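The values are calculated or read from the model by the stated rules, or taken from the named source; none is laboratory data. In this text, all values refer to a predicted model and were calculated from it rather than measured experimentally. Because the Cβ atoms are built from the backbone with ideal geometry, glycine has one as well, and the counts that use them run over all protein chains shown. Surface accessibility is based on the protein's heavy atoms, side chains included, excluding ligands, DNA and RNA. Shrake-Rupley method; radii C 1.70, N 1.55, O 1.52, S 1.80 Å.
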Amino acid sequence: AMAVLRSLGSFLCLWALRLPAGTGAAARGLDVASYRERVRAMFYHAYEHYLESAFPYDELRPLTCDGQDTWGSFSLTLIDALDTLLILGNVSEFQRVVSVLQEGVDFDIDVNASVFETNIRVVGGLLSAHLLSKKAGVEVEVGWPCSGPLLRMAEEAARKLLPAFQTPTGMPYGTVNLLHGVNPGETPVTCTAGIGTFIVEFATLSHLTGDPVFEDVARKALKALWKNRSDIGLVGNHIDVITAKWVAQDAGIGAGVDSYFEYLVKGAILLQDKELMSMFLEYNKAIKNYTKFDDWYLWVQMYKGTVSMPVFQSLEAYWPGLQSLIGDVDNAMRTFLNYYTVWKQFGGLPEFYNIPQGYTVDKREGYPLRPELIESAMYLYRATRDPTLLELGRDAVESIEKISKVDCGFATIKDLRDHRLDNRMESFFLAETVKYLYLLFDPDNFIHNDGSVFDVVITPHGECVLNAGGYVFNTEAHPIDPAALHCCRKRKEEQWEVEDLMQEFYSLKKNKKFILKRASDNGEGESAKDPEDASSEKGEEKRNSKKRSHSLLSCPSQSFNSKLAVLGQVFLDNT
């Protein structure tokens, strides 16, 4: 159990980097419980209308009360909303949807699907639901979490994506046909995020199934981008996956690049991988040097560092949350407050905002109910308890209800200037926007567990600790339990570390007995004798091994890239 818990250390320490619960929200008169219930009502207004009017299509069209397939005909909204149901506490509906998905979703279809979107929404959603199944009261099969129907579905979907990675560079095509593989005429140009946003889901799959191919292709793609960064340390927006030539050379933190940086950090946390974190920190230096101006982040030419677009994109609003995960809370808050001023100006974040002019960009005035600013507010509130962050949540609830709510759900805002609506409700509204809002207003949710409680399950590979907290959200807000990655295979280095620890332990015990024996032989009295003989020690150790105490996890004092394992991330205190 100790080896399993160890991986939680870094993330729990970052996640727990927060002040004591304060009275700031109450002082400003914000009724957190009331807003939490309003968010719950928002979810069910959208979810129930999807079921009534759009299922089994991917998405709801809220203005015409019907459905449409958008990303591949997977009943996508149902998959995306599944773990949100559990976060809201609805175990019965979670169980029902699990059965529906097993019976109704088929990946053997002649459909051209986005490799990126299928991974983050379908593979990520199924993996998260699989790992949360036992908590949701689903009767899991023997061998869980190393087996199960949702895991098999996630693996099947991911295998459909593997042909996209068969390129000279290891960087994947952007689109794949689920039945036939990559189409002969498929464009080799893929955005950076579409190449670097697989390590969370694919590494989880490899660890749970024992098949290394998923993590291998994800790592190869990440390293190919790293290898092709510019001399000043930046990456562009689109690249040819055959020739590795940059097609779009704008460098920034927003659309087309965003989740590449996100997955370097989250992959590092999930896998305790200092190489991935080192790569991000190098990028972070270049980003600060060339793109940051007065706590805004602009777009620059990747080779020269000259400004190409002085705009803020709504997708960039994830950045303060990512900064909080590496402990850079002060910079994160300053940037967040810049973004919040834009929200206050329009009642939402336009897709593009011209920073010098202080206004929207032509044909980019819409707000499709994106989650990124709310996501950052949720992370930063855990770190600071600053009531300003709750005020953003309040404003989001008020804006979305006032502008976007219609009889059949919530509609994309086509233009924030006049509040015209578009006939679409993207699945991320239920997967991300509502989820992050709810978690912002629900400080006691199991997702926020600090490790003080956890479950121990028995697998064919030994004891496994789950639900101890430290969940790593994929870029579609599907939480992955990092401890689960240690449940299904005992890696050699872990085995050696445990053996080293045990040898050291028994060596100390042996030395103690030797010293006590010498003291006894020298006539220093019965009081010097060890009260336990070898047989009683073994019996006591056996009894102690069966204890299931709910002990606190403790954060390490070492830096991230210190030696892990025996020197310690998290230890069980069975005293």
Task: Two-decimal ratio, region 311-443, of alpha-carbon radius of gyration to 2.2 N^0.38 Å - done: 1.00
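For the pair E37 and R152, what calculated FRET efficiency results from E = 1/(1 + (r/R0)^6), where r is the Cβ-Cβ distance and R0 = 45 Å, to the nearest 0.05? Can you show the working numbers first?
Values: r = 37 Å, r/R0 = 0.82.
FRET efficiency, R152 to E37: 0.75.
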Open item on the list: Using a 7 Å offset from the Cα along the Cα-to-Cβ direction at both D110 and R364, what is the distance between the two label points in nm, to one decimal?
Closed with: 3.9 nm
Task: Heavy atoms of M171: accessible area, 1.4 Å probe, square angstrom to 10 - done: 0 Å²
Task: Average accessible surface area per residue within region 311-443, 1.4 Å rolling probe, Å² - done: 30 Å²
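How much length, in nm to one decimal, is gained on full extension between D294 and S99, taken as 0.36 nm per residue of separation minus their Cα-Cα distance? If you can, show how the numbers build up before the last one.
Numbers: separation 195, 0.36 × 195 = 70.20 nm, distance 5.09 nm.
Full extension of this stretch gives 65.1 nm more.
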- [ ] Starting from region 346-419, pick out the GluC sites (Glu not before Pro) whose DSSP state is loop and whose Cβ has at most 16 other Cβ atoms within 10 Å.
- [x] none
Open item on the list: Report the gain in length on full extension from L30 to I232: 0.36 nm times residue separation, minus Cα-Cα distance, nm rounded to one decimal.
Closed with: 68.1 nm
TODO: Using a Förster distance of 56 angstrom, determine the FRET efficiency expected from the C-beta separation of R417 and E463, and round it to 0.05.
DONE: 0.45
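Could you pull out the trypsin sites (Lys or Arg not before Pro) across region 64-170 that fall in loop regions by DSSP (anything but H, G, I, E, B) with no more than 15 other Cβ atoms inside 10 Å?
Values: sites: R96, R121, K134, K135, R152, R159, K160; in loops: K134, K135.
Qualifying residues, ordered by number: K135.
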